[in-house]
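Have a look at the structure below before the remarks.
The values are calculated or read from the model by the stated rules, or taken from the named source; none is laboratory data. Remember, predicted model here, so these are calculated numbers, not experimental data. We place every Cβ from the backbone using ideal geometry, glycine too, and count neighbours over all the protein chains shown. To get the accessible areas, we keep the full protein, side chains included, count just its heavy atoms, and leave off ligands, DNA and RNA. Shrake-Rupley method; radii C 1.70, N 1.55, O 1.52, S 1.80 Å.
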Amino acid sequence: AKAAMGAMPNKTDRNDARGLAQIIRTGWYRQVHVKSVPSRMARSLLVARRTVLCKLRDMENAVRAVLRESGLKVGSPRRKQFAARVRELAETDPTLTDITEPLLAIIASMYRELERLTRRALESVRVEPICRQLMTVPGVGPLTALAFRATVDQPERFRRSRDVGA
């Protein structure tokens, strides 16, 4: 449509409408699938969860950077031991404690919200028979099954199974 519209000498709303009408008359378009509301909601849930997870990593890296400025390294503690390790390192300097404590509070809150979003995703997978069937494939977990289900939406719109990959 952009190429056809770009060939018009004068760009006006009237000429754009005429160009779109011509494209429709000649059949120079393909039908676009509009995903169902449940698919869009599942996708939004997965995007929200991924966003929180990425921001959580950013916050942890910010805490690591603050400590590294003082020559302290957090290392690779487990998720639940991260805050304790940071407090242990920062306790010698009150300024570091003042900087890291608010960040640790934000991280704790983000973990709670991440768990909430993950639980919500797992609940939606439990009630979805197609997701449960997808999870019988080795290596496919609940989040992958939900992402695949939300992406494909209506499998009957594909003539061949290999068209799904594209």
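Numbers below:
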| quantity | calculated |
| --- | --- |
| Filter result (surrounded by 12 or more Cβ atoms within 10 Å (Cβ to Cβ) and among the β-branched types (V, I, T)) within the stretch 121-136 | V125, I130 |
| T118 surrounded by fewer than 16 Cβ atoms within 10 Å (Cβ to Cβ), out of contact with any strand residue (DSSP E or B) (no Cβ under 9 Å at 6 or more places or on another chain) and not basic (K, R) | no |
| Residues located in the stretch 78-110, provided they are within 21 Å of the chain's Cα centre (by Cα) and modelled with pLDDT of 95 or more | I106, I107, A108, S109, M110 |
| Total residues in the stretch 138-154, condition open to solvent by 70 Å² or more (accessible area, probe 1.4 Å) and without any contact (Cβ under 8 Å) to a residue 60 or more places away in the chain | 4 |
| Within the stretch 26-64, tally of residues that are under 17 Å from E115 (Cα atoms), out of contact with any helix residue (DSSP H, G or I) (no Cβ under 7 Å at 6 or more places or on another chain) and in contact (Cβ under 8 Å) with a residue 60 or more places away in the chain | 0 |
| Residue ranges of helices (runs of 4 or more DSSP H) in the stretch 10-109 with at least 1 members open to solvent by less than 100 Å² (accessible area, probe 1.4 Å) and touching a Pro at 6+ places or on another chain (Cβ under 6 Å) | 82-90 |
